[in-house]
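The values are calculated or read from the model by the stated rules, or taken from the named source; none is laboratory data. Model, not experiment: these values are computed from the prediction. All Cβ positions, even for glycine, are placed from backbone atoms using ideal geometry, and neighbour counts span all protein chains on display.
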Amino acid sequence: MINRLSLDYKQLPLLATISLFVLMFSFGSLRYTGFFSTQVFLNLFIDNAFLIVIAVGMTFVILSGGIDLSVGSLIALTSMVAASLTMEAQLSPWIVVPISLLVGTVFGVVQGALIHLYNLQPFIVTLAGMFLARGLSYVISVETIAIDHPFFSYMASIQIPLPGDNFISISVVIALIVVVIAIFIGHFTNFGRTVYAIGGSEQSAMLMGLPVGRTKILIYTLSGFCASLAGLIFTFYMLSGYGLHANGMELDTIAAVVIGGTLLTGGAGYVAGSVVGVLILGIIQTIIVFEGTLSSWWTKIAIGVLLFLFIILHRVIVLRSEKKQASN
Amino acid sequence: MIKSMLKSSLFWPIIVLLLILMINLFFDSSFFSIEVRNGHLTGSLIDILNRGAPLMLISIGMTLVIATKGIDLSVGTVIAMSGAIGAMTIASTDGTGLGPLFMAIGLSLLICTLVGCWNGLLVSRLGVQPIVATLILMVAGRGVAQLITGGQITTVYYDPYSYIGGGYLLALPFSIFIVAFVFFVAVLLTRKTALGLFIEAVGSNPDASRLAGINSKNIMLMVYMFSGFCAGVGGLILSSNVMSADGNNAGLWFELDAILAVVIGGTSLMGGRFYLMGTVMGALIIQSLTTTIYSIGVPAEINLVVKAIVVLIVCLLQSPEFRRKVFGFGKVKRSGEQKEREGVTLS
């Protein structure tokens, strides 16, 4: 009985997120003509595919009780590496894509190793990573590098038709594959369970004999890889490399994960929730575009307000479950 | 004598600062010269002090927050908000006399302190983690700043406003006096009263200090308010320097620079200890690093890479695990925390 109740508490933020999304979508549909269509819904995925991918990586980091501030800059660095290798070194995409993916992965391994081996705070290590990645992309070039290559143009323009005159882009397919794999990893593997355990209590996880160190390094590696993959998707989307790409994206990602119902203290949350969190950020933007008279900064204010409400909700849930434990 | 110097928390920051200044001297032999021009002292050193003023102020506020084991990520956006409020207040008046100036200063400092109060309430009353609590304003604050300025860069056509960041008093830039004043008030309050001890107590163990009779909630609330106030002053200086308010870009990356300055100054992110003088040194190191990079002709973008490496090195040097593994001496300095960690690793 108690077990079932506490489970409900953990699912409460996710339920709140999903109902919020439905509410916002119905609000938009009632208020604006042309809002209620499958394509508007699919566009949320098309425009935010890269955000979904980083949010997946970030979910694991936050589930383990950490934070990764370097993801936004890693997108910029990946776009820069891909652009310069393609345009200046004239390499084939078969070489460019693996190298670009390797960039974030290596960053992740190093950050994870520093965090685990020297007991540094994830916050400060990834902060340094954030500076380093952005600095390195400026070292490659201060200017924007536009990409003009058949492979990238193909990836950018391809539309996968869906029934009813709708379409999605290849990025959406990649993002959805990442989400499915991540849900599998998160809920059906030892690694996933260890992540939740570390987030619940690192000390207990260690006492249980779980491979805490290895898992922590892997978590940041995964996040770095996701950031690089998102960087590639972003490059397909923008067709250029630039050191200022995705400025502040780490905050959007963290906001999406929190709104998606993952507790920032770690230990509770769902990858699927983060996807809904990203969709909510997307729908805020869509509503602002449809409204027409609202300026872009209302997006930031709206995200801030949502973030505040969800953090309060999480706090209330944690306090109540603590009270429950105390009374038992 | 040498031993006590080595032990001083200021030793390494001062050495690094001197090293950077020496590098400058190597590239530019007139680096240390200070001239009197139009009755004002000018020179690279004065320039570093003047340009570093906002960072020093914000880092002083950040030091006290970090001393309570907190962090304030919202200072960058508070800077943008402060400049925006200052500029818009002046724009809404007739722009004659000194009235608008004091109104702008008063209003923006009041609002920035209230913003700090909001952060403090979230942290102290609702028990939200500091990173998360201040993240809200870090995201929303820039939107608010853009809302105030209407998304435009608002130019201020009102001469007295330029005095805050560009004026001179006794031949020195006025901003230096602002920093000195805030610094001395902070030092007096924390070192000559029990306040500093309370802050350190809250930082090392909020529960224990509450049981010892310290009102830890109000201490936390106060440091966030002070940090908001400092960021407000810094924002006014920055906006007065360029005589405009830019909701979009003002104060970008400032929270990171401020945290960096605090960490370089020897204050640990784990809370419980703080060094205001070290922080000021840290801010000066960052500012002279920036000046150096500009003056020796390295692309300014390298700055970010250098900063990243400096943060990592400083953090590694502060990490007991790193010191033990690399230097081989396992002196347990901060025993409580260390033992706790040992317990985890051993078990």
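Considering only the range A:117-146, state which residues are among the small types (Gly, Ala, Ser), more than 17 Å from B:ILE313 (Cβ to Cβ) and buried (at least 23 other Cβ atoms within 10 Å of the Cβ).
Keep residues of the range A:117-146 that are among the small types (Gly, Ala, Ser), which gives A:128-129, A:133, A:135, A:137, A:141, A:146.
Then drop every residue that is not more than 17 Å from B:ILE313 (Cβ to Cβ), which leaves A:133, A:137, A:141, A:146.
The answer is A:ALA133, A:SER137.
Can you tell me which of (1) aromatic (Phe, Trp, Tyr); (2) farther than 30 Å from A:SER201 by Cβ; (3) away from every other protein chain (no Cβ under 11 Å); (4) assigned to a helix (DSSP H, G or I) is the one A:TYR138 doesn't meet?
It fails just one condition, (3).
Among the helices (runs of 4 or more DSSP H) confined wholly to the range A:243-328, which include 1 or more residues that are surrounded by fewer than 21 Cβ atoms within 10 Å (Cβ to Cβ), basic (Lys, Arg) and over 19 Å from the mean Cα position of the chain (by Cα)?
The helices (runs of 4 or more DSSP H) meeting that bar are A:297-327.
Quick grid of which residues meet (1) among the charged types (D, E, K, R); (2) within 24 Å of the chain's Cα centre (by Cα); (3) modelled with pLDDT under 90; (4) buried (at least 21 other Cβ atoms within 10 Å of the Cβ):
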{"residue": "B:GLY76", "(1), (2), (3), (4)": "no, yes, yes, yes"}
{"residue": "B:GLY83", "(1), (2), (3), (4)": "no, yes, yes, yes"}
{"residue": "B:ALA87", "(1), (2), (3), (4)": "no, yes, yes, yes"}
{"residue": "B:SER92", "(1), (2), (3), (4)": "no, no, yes, no"}
{"residue": "B:PRO100", "(1), (2), (3), (4)": "no, no, yes, yes"}
{"residue": "B:SER108", "(1), (2), (3), (4)": "no, yes, yes, yes"}
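Considering only residues of the range A:36-70 that are in contact with a helix residue (DSSP H, G or I) (Cβ under 6 Å, 6 or more places away or on another chain) and in a loop (DSSP other than H, G, I, E, B), which is nearest to A:LEU162 (Cα to Cα)?
The qualifying residue nearest to A:LEU162 (Cα to Cα) is A:PHE36.
Report the residue count in the range B:141-181 for those that are of a type in the set (Gly, Ala, Ser), free of Cβ contacts under 8 Å to residues at least 60 places away in the same chain and under 30 Å from B:LEU269 (Cβ atoms).
Going through the range B:141-181, the residues of a type in the set (Gly, Ala, Ser) turn out to be B:141, B:143, B:145, B:150-151, B:162, B:165-167, B:171, B:175, B:180.
Now drop any that are not free of Cβ contacts under 8 Å to residues at least 60 places away in the same chain, which leaves B:143, B:150, B:167, B:180.
Filter once more, so that each one left must be under 30 Å from B:LEU269 (Cβ atoms): B:143, B:180.
Residues meeting the conditions: 2.
Within the range B:182-215, can you find the residues that are within 21 Å of B:LEU236 (Cα to Cα) and in contact (Cβ under 8 Å) with a residue 24 or more places away in the chain?
B:VAL182, B:PHE183, B:ALA186
Restricting attention to the range A:270-328, which residues are away from every other protein chain (no Cβ under 13 Å), under 27 Å from A:HIS187 (Cβ atoms) and among the aromatic types (Phe, Trp, Tyr)?
A:TYR270
State whether one or more residues within the range A:170-181 are touching a Ser or Thr at 6+ places or on another chain (Cβ under 8 Å) and away from chain B (no Cβ under 14 Å).
The answer is no, given that none of the residues of the range A:170-181 is touching a Ser or Thr at 6+ places or on another chain (Cβ under 8 Å) and away from chain B (no Cβ under 14 Å).
What helices (runs of 4 or more DSSP H) completely inside the range B:113-223 contain at least 3 residues that are in the same structural domain as B:GLY86 (by TED's automatic domain parsing) and of a type in the set (Val, Ile, Thr)?
Working: elements: B:130-149, B:162-166, B:174-191, B:195-204, B:206-211.
In the range B:113-223, the matching helices (runs of 4 or more DSSP H) lie at B:130-149, B:174-191.
Here's a check for you: in the range B:238-256, which residue that is within 10 Å of chain A (Cβ to nearest Cβ) and assigned to a helix (DSSP H, G or I) is surrounded by the fewest Cβ atoms within 10 Å (Cβ to Cβ)?
For the range B:238-256, the residue satisfying everything is B:LEU256.
May I ask you to say which residue of A:VAL106, A:VAL110 is away from every other protein chain (no Cβ under 14 Å), more than 20 Å from A:MET155 (Cα to Cα), among the hydrophobic types (A, V, I, L, M, F, W, C) and in a helix (DSSP H, G or I)? Can you show your working first?
Numbers: A:VAL110 fails: away from every other protein chain (no Cβ under 14 Å).
Answer to the check: A:VAL106.
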